[in-house]
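Student: First, the structure itself, so that you have it in front of you.
The values are calculated or read from the model by the stated rules, or taken from the named source; none is laboratory data. Values in this document were obtained by computation on a predicted structure and should not be read as measured data. All Cβ positions, even for glycine, are placed from backbone atoms using ideal geometry, and neighbour counts span all protein chains on display.
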Amino acid sequence: MNRRVLFLVFFFILLFSLADSWLWRRRRRSYRAPVPKSTQIWDSARNKVGSTKWNYYSYWGEGYGYKKTWKCNLFVYDVLTEAKAKAPTKWSWLHRSPISANEWTNPNSKNIKGTGCYKTVSFSSKQKGDIIAFKRKRKSGHVGIVSTNGFYISALKRKVEEDNIEAFRRRHASIVKTIVWRYKC
């Protein structure tokens, strides 16, 4: 009888210590801080640097027919969608499609504000993961994702590149306004 009691005591001590260890690991895992949405957006954009999927000559989208067009807006749409952020869309014929780069330059856009997830911020307070849009005179605008150290990531003519924001603005004298949007949901 003594042996049996000792065995049961030993067995329960071992069982409880293993259970406690397992529960402690699970508890510790659940305390990890969630990754901010802005970081998820930036990570998604950064992982696409060098990709030719959104180049000027590529075909993008099912039935949209975006070929031989600038696709910076489609790049931003795909990045936001991958990061599980609400990407603004508009009605185009019988379906919804991504908004244009020019619409990103409109601080009063109903399609952007209609998501309830974006607010404009000053250029000086931009952060990685923000959406930056450049309005041009008499031309299509341009849009990308703010990166670090004064850079942004966007689809250009041949591939997705990381470029210096100020250098881009100097190279394109037709830029009349820069708008920065921050995701807040």
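Student: Can you pull out every residue in the stretch 149-185 that is assigned to a loop (DSSP other than H, G, I, E, B) and touching a residue at least 24 places away in the same chain (Cβ under 8 Å)?
Tutor: 156, 157, 158, 159, 172, 174, 184, 185, listed by residue number.
Student: For residues that are in contact (Cβ under 8 Å) with a residue 60 or more places away in the chain and closer than 20 Å to residue 151 by Cβ, tally how many sit in the stretch 112-127.
Tutor: 2
Student: Now for a different question. Name every residue in the stretch 110-147 that is among the β-branched types (Val, Ile, Thr) and either exposed (fewer than 13 other Cβ atoms within 10 Å of the Cβ) or in contact with a helix residue (DSSP H, G or I) (Cβ under 8 Å, 6 or more places away or on another chain) (or both), in order of residue number.
Tutor: Hits for the stretch 110-147 are 112, 131, 132, 143, 145, 146.
Student: To continue, here is another question. Only one residue in 55, 73, 108 is part of a helix (DSSP H, G or I), of a type in the set (S, T, N, Q) and at negative phi. Which one?
Tutor: Testing whether each residue is part of a helix (DSSP H, G or I), of a type in the set (S, T, N, Q) and at negative phi leaves just 73.
So that you can scan it fast, the table gives a plain yes or no per residue for (1) modelled with pLDDT of 90 or more; (2) within 20 Å of residue 52 (Cβ to Cβ); (3) not assigned by TED's automatic domain parsing to the domain that holds residue 49:
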| site | (1), (2), (3) |
| --- | --- |
| 138 | no, no, no |
| 142 | yes, yes, no |
| 146 | yes, no, no |
| 149 | yes, no, no |
| 155 | yes, yes, no |
| 159 | yes, yes, no |
| 163 | yes, yes, no |
| 172 | no, no, no |
| 175 | no, no, no |
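Student: Could you list, ordered by first residue, the pairs with Cβ atoms under 7 Å in which the first is in the stretch 69-93 and free of Cβ contacts under 8 Å to residues at least 40 places away in the same chain and the second is in a helix (DSSP H, G or I) and of a type in the set (Phe, Trp, Tyr), at least 6 apart or interchain?
Tutor: Listed pairs, sorted by first residue: 87/77.
Student: Further question on the same structure: On the basis of being outside any strand (DSSP E or B), touching a residue at least 40 places away in the same chain (Cβ under 8 Å) and under 18 Å from the mean Cα position of the chain (by Cα), does residue 143 make the cut?
Tutor: no
Student: For residues in the stretch 38-68 being surrounded by fewer than 16 Cβ atoms within 10 Å (Cβ to Cβ) and of a type in the set (S, T, N, Q), which is modelled with the highest pLDDT?
Tutor: My answer is 47.
Student: Residue 169 fails exactly one of the following numbered conditions: (1) more than 22 Å from residue 47 (Cβ to Cβ); (2) crowded, with 16+ Cβ neighbours inside 10 Å. What is the number of that condition?
Tutor: All conditions are met except number (2).
Student: Can you confirm whether the stretch 117-131 contains a residue that is closer than 16 Å to residue 72 by Cβ, outside any loop (DSSP other than H, G, I, E, B) and either more than 17 Å from the chain's Cα centre (by Cα) or modelled with pLDDT of 95 or more (or both)?
Tutor: Scanning the stretch 117-131, I find at least one residue that is closer than 16 Å to residue 72 by Cβ, outside any loop (DSSP other than H, G, I, E, B) and either more than 17 Å from the chain's Cα centre (by Cα) or modelled with pLDDT of 95 or more (or both), so the answer is yes.
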